[in-house]
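The values are calculated or read from the model by the stated rules, or taken from the named source; none is laboratory data. Predicted, not measured: the structure shown is a model, and the values here were computed from it. All Cβ positions, even for glycine, are placed from backbone atoms using ideal geometry, and neighbour counts span all protein chains on display.
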Number of protein chains: 2
Amino acid sequence: MFNRGIIKPVTTLEQKETITPVSDFGEFGLIKLLTGTLKTNNGSTLKGVGDDAAVIGYSGDEAILASTDMYVEGVHFDLAYTPLLHLGYKCITASISDIYAMNGNAEQVLVSVALSSRFSVEALQEVYQGMRIACEKYKVDLVGGDTTSSKTGLVINITAIGRAKKDEVTYRNGAKPNDILCVSGDLGGAYVGLQVLEREKQVFLSNPDMQPELHDYSYVLQRQLRPEARKDVVEILAALHIKPTSMIDISDGLSSEILHLCDQSGTGCDLFEEKIPRDDNTYDTARSLNLDFTMCALNGGEDYELLFTISQADYEKIKNHPDFTLIGYMTEKESGANLITTSGNRYPLQAQGWKHF
Amino acid sequence: MFNRGIIKPVTTLEQKETITPVSDFGEFGLIKLLTGTLKTNNGSTLKGVGDDAAVIGYSGDEAILASTDMYVEGVHFDLAYTPLLHLGYKCITASISDIYAMNGNAEQVLVSVALSSRFSVEALQEVYQGMRIACEKYKVDLVGGDTTSSKTGLVINITAIGRAKKDEVTYRNGAKPNDILCVSGDLGGAYVGLQVLEREKQVFLSNPDMQPELHDYSYVLQRQLRPEARKDVVEILAALHIKPTSMIDISDGLSSEILHLCDQSGTGCDLFEEKIPRDDNTYDTARSLNLDFTMCALNGGEDYELLFTISQADYEKIKNHPDFTLIGYMTEKESGANLITTSGNRYPLQAQGWKHF
């Protein structure tokens, strides 16, 4: 396998017949292509690629949950409007959100940072300070990492490690037809906040003396720049004695996440537009930017709310809970995943979340 | 803490009084600065920052080991002479080496990859194929990851997860004066291989029609481009009923690693130059490049051999073992860490390993 010659001055790339741009696949297609046929060698690997986190189990009734995320300057964040303190905070909350999405508790993180020489020690301390604040708030320990230089820009990788009782772990694949689809908090805010920041950046670039006008936007800006992870949802569900039949966190947009649950559970879904939870500030700001709120919620992403399904038997326990909104129900696979609009029309849900490529 | 104003068009950097270049600290100084005062919140965190891997323990007698490493194009690897297949392989072996250095067994890896649009799907498949080959060989499962775009170049982050019995975990801080310092395999090869590749790259750049002459260098090139991790050492030590008093893997060079053991164990060390294990191909190639072999071994790095100390009581078990070389012994802290040269001189060891910044 390694006999292709040790040295390839221009990499093996140019000797191949086929050159396919990564954009032809998209992130999820690419993951399937790269990891689709992976076998496992260890009995401790209970769940590999394909959920919010991997599940590892030894003897005993506890499982280890592990997830990794990379944040790249110019792709995931723009330092023109992202304070480094917030950046550190967000990298932690966005990463541990994957552990909560498995119905577990995050306890450790490992942090890798690559940075170019334009960053000072003080800048790096600021990033770490944001991480520390998040770790303290969520009771997570920063237990290891790697620090290196990069040729350009800042790259941060966070691995989150947590645990849950093996029989409490919630996967994406357990939803059944008639299960109720629920979501925590409200949606679309992070995306609307990003649009505000992008607009103000353009204003600033065309006239650096202009002061950005941001006081009306504090909620959506906080949703974008300093999102929280829904650790509390895991605790509330436990207190209500509800184990969701499936769960995922909303990082790429409601549409994309619903399609993941349907795809992996082998179900369809009816989502009701009028039920999608919204904050007034998000809604009003979206309107002022000529954005359709529903599109922001469906495709915007980065809200880090938890989307989950529960069986009908648990309906009474949750129906009036202020932290949750019931937004639809799962159906037979043949019905497909659909949005039922406020006007009563029915459209297939499409994954139009944020494209990485 | 977050009231510095939501938007900072040029980051908070320019408002600070002090701007210290990262190069003033170096990697280890930086890690101390950033993580020196970290507290832990969870009883499951048995060991945080400061060893080859973090140690996490729940109930039961097993500990989880976790380590993360980032590999950046142009910093850690040069695609002018690194085949993508080898790159994938090396990222895995270099990462799981940290788990073996804790006297544990690596069982899972999480892989993040950021790549720019100049990489094709086929190129990415090549990297993953190298990872798969390594995973298969070492019986490690690739259980998760993240794939994203980057503005420039390729960045790979690997998190390795393993396990060991809690009382078998070997830290850097357990060495005692009179313990014997041992190392597996031979040293300096990876660094010498790198020098060969750099030389051939220069030849190629000045005359692209020249074919690189590499057939004499297969050993050192393999050490650089496709290093192995010493899983077998952990197994051999267990079979010999030896638990090292301290252990570390050689990623930054023998000097730097010995100083870590001395620093964390509170000891000194005498290292004997004539005992440093060498391969003939490494030695001869170093000479032909006008490099001093001892300097290559002390400061070269990337050999991924295991360096460990054992108590005198274990000497008989290991003294003639072909996989290990006894290269010195630990001393009182006051004696410092010293190299005893072949000619009998005594010099303080200095960490002159590869500088990331």
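Miscellaneous remarks
- Residue list for segment B:100-125, restricted to those being at pLDDT 95 or above and assigned to a helix (DSSP H, G or I): B:Y100
- Residues of segment B:145-186 that are touching a Cys at 6+ places or on another chain (Cβ under 9 Å) and either closer than 30 Å to B:S311 by Cα or not in a strand (DSSP E or B) (or both): B:A175, B:L181.
- Count - residues of segment B:206-231 that are touching a residue at least 12 places away in the same chain (Cβ under 8 Å) and either touching a Pro at 6+ places or on another chain (Cβ under 9 Å) or surrounded by 14 or more Cβ atoms within 10 Å (Cβ to Cβ) (or both): 16
- Verdict on A:G193 being assigned by TED's automatic domain parsing to the domain that holds A:S246 and either within 19 Å of the chain's Cα centre (by Cα) or not charged (D, E, K, R) (or both): yes
- Failed condition for A:N207, given (1) farther than 24 Å from A:F308 by Cβ; (2) assigned by TED's automatic domain parsing to the domain that holds A:S95: (2)
- The residues of segment B:40-82 that are within 7 Å of another protein chain (Cβ to nearest Cβ), in a loop (DSSP other than H, G, I, E, B), surrounded by fewer than 24 Cβ atoms within 10 Å (Cβ to Cβ) and in contact (Cβ under 8 Å) with a residue 40 or more places away in the chain, listed by number, are B:G74, B:V75, B:L79, B:A80.
- Selection from segment A:107-128 of residues that are within 19 Å of the chain's Cα centre (by Cα) and either more than 7 Å from chain B (Cβ to nearest Cβ) or surrounded by fewer than 22 Cβ atoms within 10 Å (Cβ to Cβ) (or both): A:V109, A:V111
- Taken across segment A:272-288, residues that are polar (S, T, N, Q), surrounded by fewer than 22 Cβ atoms within 10 Å (Cβ to Cβ), more than 24 Å from the chain's Cα centre (by Cα) and not in a helix (DSSP H, G or I) do not occur at all.
- Residue within segment A:31-53 that is farther than 28 Å from B:P83 by Cβ, modelled with pLDDT of 85 or more and among the hydrophobic types (A, V, I, L, M, F, W, C) present: yes
- The number of residues in segment B:295-325 that are buried (at least 17 other Cβ atoms within 10 Å of the Cβ) and part of a helix (DSSP H, G or I) comes to 6.
- Boolean, A:A134 is buried (at least 21 other Cβ atoms within 10 Å of the Cβ) and assigned to a strand (DSSP E or B): no
- Residue in segment A:89-106 that is at the interface with chain B (Cβ under 7 Å from one of its Cβ atoms), buried (at least 21 other Cβ atoms within 10 Å of the Cβ), within 21 Å of the chain's Cα centre (by Cα) and in contact (Cβ under 8 Å) with a residue 24 or more places away in the chain present: no
- Residue within segment B:129-150 that is free of Cβ contacts under 8 Å to residues at least 12 places away in the same chain, closer than 20 Å to A:G26 by Cβ, at the interface with chain A (Cβ under 7 Å from one of its Cβ atoms) and in contact with a strand residue (DSSP E or B) (Cβ under 8 Å, 6 or more places away or on another chain) present: no
- Selection count where residues are in contact with a helix residue (DSSP H, G or I) (Cβ under 8 Å, 6 or more places away or on another chain) and free of Cβ contacts under 8 Å to residues at least 12 places away in the same chain, scope segment A:246-282: 0
- Within segment A:19-39, restricting attention to residues that are assigned to a helix (DSSP H, G or I), charged (D, E, K, R) and over 22 Å from A:L307 (Cα atoms), the residue that is farthest from the other protein chains (Cβ to nearest Cβ) is A:K32.
- The residue that is farthest from the other protein chains (Cβ to nearest Cβ), among those in segment B:154-177 that are surrounded by fewer than 20 Cβ atoms within 10 Å (Cβ to Cβ) and farther than 30 Å from B:N338 by Cα, is B:D167.
- Boolean, A:G189 is within 30 Å of A:L291 (Cβ to Cβ) and buried (at least 23 other Cβ atoms within 10 Å of the Cβ): yes
- Of the helices (runs of 4 or more DSSP H) lying entirely inside segment A:187-239, those containing at least 2 residues that are over 20 Å from A:S97 (Cα atoms), in contact with a helix residue (DSSP H, G or I) (Cβ under 9 Å, 6 or more places away or on another chain) and modelled with pLDDT of 95 or more are A:189-206.
- The numbered conditions (1) at pLDDT below 95; (2) within 19 Å of the chain's Cα centre (by Cα) are all true for B:F324 except (1).
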